[in-house]
Amino acid sequence: MNTLTRPLESLGRATVHAFAGVGYAAALLGESLYFAVFGWRIGQPLRLRAVLEQMRQIGVDALAIVTLLALTIGVMLGIQFIAALSEFGAQSQVVVAVAKSVTREFGALITAILVAGRSGSALAARIGSMSVSQEVDALATMGIEPVRYLAAPALIAMLVMLPVLTILADAVAILGAALYSSPALNVTPAAYISQTLSLLSAGDVWQGIAKSAVFAVLITLIGVSTGFSVAGGAEGVGRATTRAVVLSICWIIVVDMIFSFFLNR
Amino acid sequence: MTSASAPLIDVTKLEAWYGRRRILNGVDFAVNAGEIRVIMGGSGSGKSTLLRHLLGLHKPRSGTVRLLGVDIARASERELLAVRRQIGVSFQGGALLTSLSVGDNVALPLREHTNLDEATIRIMSRLKLEVVNLGGFQDLMPAQLSGGMVKRAALARAIAMDPKLLFFDEPSAGLDPVVSAELDELILRLRDALRMTIVVVTHELESAFKIADSITVLDQGDILMTGTVDAVRHCDNERIQDLLNRRPREIQVDADAYLKRLTEEAA
Ligand SMILES: Nc1ncnc2c1ncn2[C@@H]1O[C@H](COP(=O)(O)OP(=O)(O)OP(=O)(O)O)[C@@H](O)[C@H]1O
Ligand SMILES: [Mg+2]
């Protein structure tokens, strides 16, 4: 009897936890947006300085690594598409294949995974260690809403910087593909790029940007909510950090798949 | 809204639970303006839990907590904020924001809640640091302070807004006797010079007797007594005398409960 009900019970408990987690994240999203828009009316203004600081940490500090990775992905896609398409003598399709897959898919995905690893974990670690050392409680008792002070600036900064980084990644990846594939295709890189521009529609780019905005919300909410719910000292902070990264990347990939399905039917 | 005689803190029938354990059993607690109240009690008696409810960090399962006349569980955001601007809290571990310098920590409430210009804020926060004998340390980061300095810096932040009501968790825990005596002096001075009402949670009998106007003794979630220092000293309640004389308590074993604890499966 027990052996039968135990797994069911733990499944049930896990489901309840998952729903509670989603509910908590949704509440956090609502509160953060509320403070961002109306906070100044109730004495809880969103500070521009805090947002700029977060934008620096999330965006500016990630420029180099995003550029490097996007360039690599571009070259990699060039290699794969030339190899695959030349089997069918369809080498001329390389440009369009690279252009669409980068803008619709890879630019946003790679950027989001990178930022989840860099900034999602940093958010969870920072807020987690602040909860453990009662700094979050101290903020609350000083009349500084922790969500307004810690979560809202990160959310706004992420919503601005992730799309910007995604556009950068798109451009650099296409440049990488151009540098690698133009000799094989017998065109100049400049011609490759102008051909890319003529093939791309605004919808392709928007698809990636829209996704990146959704990823921004996911990364922030998962990082912040795991941070706020840390219990159990330094070890708890470590666990929360790992959990934030793994959860964010899982959600990013699943949501990306769902988006792609509906947007490309 | 509050008349002069109404208590600044008024707690009635407060029950606190963690999960299925009841920590506070319907506690009544009132603190009047201008007094220093010490909350004493053994480890695990519920002192920190009571403090967290007083600060509005936990919502009571039942009962009410009124601070400055406002029922904080039912107050609107705006009312709660107004109350919180008038209270200062010094946490046991200090809880200074590690990403800000000591000076910025003290200036934080001023920056967030006032429209003062930067120069004024800087002067005011340095003044508060002078009050706690940390003048000149404003540029250090919290990680660079000693335990006693952290406590004093936390106190400086707590009084930055000149609160009416000051909460102090374990001021002397982990400090050498000289520093803890200095902190006691400081607490008395704050009450006398700035007319603050102060609630202190502590184990240290000596410091409790030195600073308290009145003492509340908590034991296993119940208030055993509230009274003046002398009344507590001469009280004939056995548990209180155990606490005062550092006697180990006699634990009575309830056979049924004991068996149940041993055999019970994980909840
Ligand atoms: N977060 C928590 N979750 C579950 N139980 C808790 C939690 N915090 C405290 N407790 C329980 O509540 C009871 C009272 O704890 P509290 O921290 O209020 O005691 P205390 O009087 O402050 O003790 P000390 O002097 O040791 O700090 C303890 O039995 C403790 O196990
Ligand atoms: Mg305690």
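If you take each beta carbon of peptide A:151-163 and count the beta carbons of other chains within 10 angstrom, what is the mean? Present the calculation step by step, with values, prior to reporting the outcome.
On the way: counts 0, 0, 0, 0, 0, 0, 0, 0, 0, 0, 0, 0, 0.
Mean inter-chain Cβ contacts per residue within 10 Å come to 0.
Suppose only helical runs count, i.e. DSSP H with n ≥ 4. What mean residue ellipticity at 222 nm does that imply for chain B under -39500 (n - 2.57) per run, divided by all residues and rounded to the nearest 500 deg cm²/dmol? All intermediate terms of the calculation are to be shown ahead of the outcome.
Details: 10 runs with 100 residues, N = 267.
Here the helix-only value at 222 nm equals -11000 deg cm²/dmol.
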Any chance you could look up the accessible area of A:Trp251 with a 1.4 Å probe, heavy atoms only, rounded to 10 Å²? 110 Å²
Bridge type composition, chain B - antiparallel percent by DSSP, nearest 5: 55 percent
Rounded to two decimals, the Debye log10 I(q)/I(0) of the stretch A:125-242 (Cα scatterers, no solvent) at q = 0.16 Å⁻¹ is -0.80
GNM, chain B, Cα, under 10 Å: largest mean-square fluctuation among B:Leu50, B:Leu194, B:Leu165? B:Leu194
In square angstrom, rounded to the nearest 10, how much accessible surface does B:Arg66 have for a 1.4 Å probe? 100 Å²
Mind putting together the pair-distance distribution for the protein assembly as shown? All Cα pairs, 20 Å bins, whole percent per bin, short to long. 18, 42, 27, 11, 2, 0
Quick check: with the 1.4 Å probe, what order do B:Met40, B:Met124, A:Met257, A:Met76 take by accessible area, largest first? A:Met257, A:Met76, B:Met124, B:Met40
Once both label points are put 7 Å beyond Cα along the C-beta direction, the A:Ala84-B:Lys210 separation in nm becomes 7.7 nm
Would you tell me the accessible area of B:Asp192, worked out with a 1.4 angstrom probe on the heavy atoms of the protein chains, in Å² to the nearest 10? 90 Å²
The rounded separation in angstrom of the Cα centers of the stretch A:4-82 and the stretch B:114-139 is 36 Å
Karplus 3J(HN,Hα) series, Hz, for the stretch A:214-226 with 6.51 cos²θ - 1.76 cosθ + 1.60 (x for Gly, Pro): 5, 4, 4, 5, 4, 4, 5, 5, 5, x, 5, 6, 5
Long-range amide H contacts for B:Ser90: which residues qualify at under 5 Å (H placed 1.01 Å from N, peptide plane, sequence gap of 5 or more or a different chain)? B:Phe167, B:Phe168, B:Asp169
Choice from A:Gly223, A:Gly128, A:Gly30 with maximal GNM fluctuation in chain A (Cα, 10 Å cutoff): A:Gly30
When the Kirkwood hydrodynamic radius is evaluated over all pairs of different C-alpha atoms of chain B, what value in angstrom, to one decimal, is obtained? 19.8 Å
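With both partners inside the protein assembly as shown, how many of the DSSP beta bridges are antiparallel, as a percent to the nearest 5? Don't skip to the answer; put the middle values down first.
Numbers: 21 of 39 bridges.
For the protein assembly as shown, the DSSP antiparallel bridge percentage is about 55.
Of the DSSP beta bridges with both residues in the stretch B:80-219, give the percent that are antiparallel, rounding to the nearest 5.
Working: 1 of 10 bridges.
In the stretch B:80-219, DSSP labels about 10 percent of beta bridges as antiparallel.
Kindly point out which whole DSSP H helices in chain B project their C-alpha atoms 24 angstrom or further along the helix axis while averaging a Kyte-Doolittle hydropathy of 0.0 or above. Don't jump to the answer; show the numbers that get you there.
Working: long enough: B:177-194 (25 Å, 0.56).
Qualifying helices: B:177-194.
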Would you mind giving the mean number of other chain beta-carbons within 10 Å of the Cβ of each residue in A:130-139, as a whole number? 6
Sorted by chain and number, the residues with a modelled amide H under 5 Å from that of B:Thr197, at a separation of 5 or more or across chains, are B:Gly34, B:Leu165, B:Leu166
A correct Karplus calculation of ³J(HN,Hα) over the stretch A:191-202, with 6.51 cos²θ - 1.76 cosθ + 1.60, θ = phi - 60°, whole Hz and x for Gly and Pro, returns 5, 4, 5, 5, 5, 4, 4, 6, 7, 6, 9, 4
Using only alpha-carbon positions, what ratio does the radius of gyration of chain A give when scaled by 2.2 N^0.38 Å? 1.18
Cα axis of helix A:48-58 to longest principal axis of chain A: angle in degrees, 0 to 90, nearest 10? 50 degrees
Among A:Ala171, A:Ala157, A:Ala140, the residue with the largest mean-square fluctuation in a Gaussian network model of chain A built from Cα contacts under 10 Å is A:Ala140
Rounded to the nearest 10, the angle in degrees between the Cα long axis of helix A:121-132 and the longest principal axis of the Cα atoms of chain A comes to 10 degrees
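Leaving out ligands, DNA and RNA, calculate the buried accessible area for the pair B and A with a 1.4 Å probe, summed over both sides, in Å² to the nearest 100.
Values: alone 14280 and 13600 Å², together 25980 Å².
Accessible area lost upon association: around 1900 Å².
Looking at the stretch B:20-96 from every direction and averaging, what is the projected area of its Cα convex hull in nm²? Mind showing how you got there, number by number?
Details: hull surface 25.4 nm².
So the mean shadow area of the Cα hull is 6.4 nm².
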Which one, B:Ile72, A:Ala191, A:Trp206, projects farthest toward the positive side of the charge dipole computed for the protein assembly as shown from Cβ point charges (K/R +1, D/E -1)? A:Ala191
How high is the relative contact order of the stretch A:47-260, given as a whole-number percent (alpha carbon pairs under 8 Å, six or more residues apart)? 37 percent
How large is the helix-only mean residue ellipticity at 222 nm for chain A, computed as the sum of -39500 (n - 2.57) over DSSP H runs with n ≥ 4, divided by its residue count, in deg cm²/dmol to the nearest 500? -27000 deg cm²/dmol
What ranking of B:Asp230, B:Asp184 comes out by heavy-atom accessible area, probe 1.4 Å, highest first? B:Asp230, B:Asp184
Over chain B, relative contact order from alpha-carbon pairs under 8 Å, at least 6 apart, %: 23 percent
Would you tell me the mean number of C-beta atoms belonging to other protein chains that fall within 10 Å of each C-beta in B:87-96, as a whole number? 4
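The values are calculated or read from the model by the stated rules, or taken from the named source; none is laboratory data. Note that this is a predicted model, so its numbers are computed, not measured. FYI the Cβ positions are ideal-geometry reconstructions off the backbone, even for glycines, and counts take in every protein chain you see. Ligands, DNA and RNA are stripped out before the accessible areas are found, and what is left, the full protein with its side chains, is counted by its heavy atoms. Shrake-Rupley method; radii C 1.70, N 1.55, O 1.52, S 1.80 Å.
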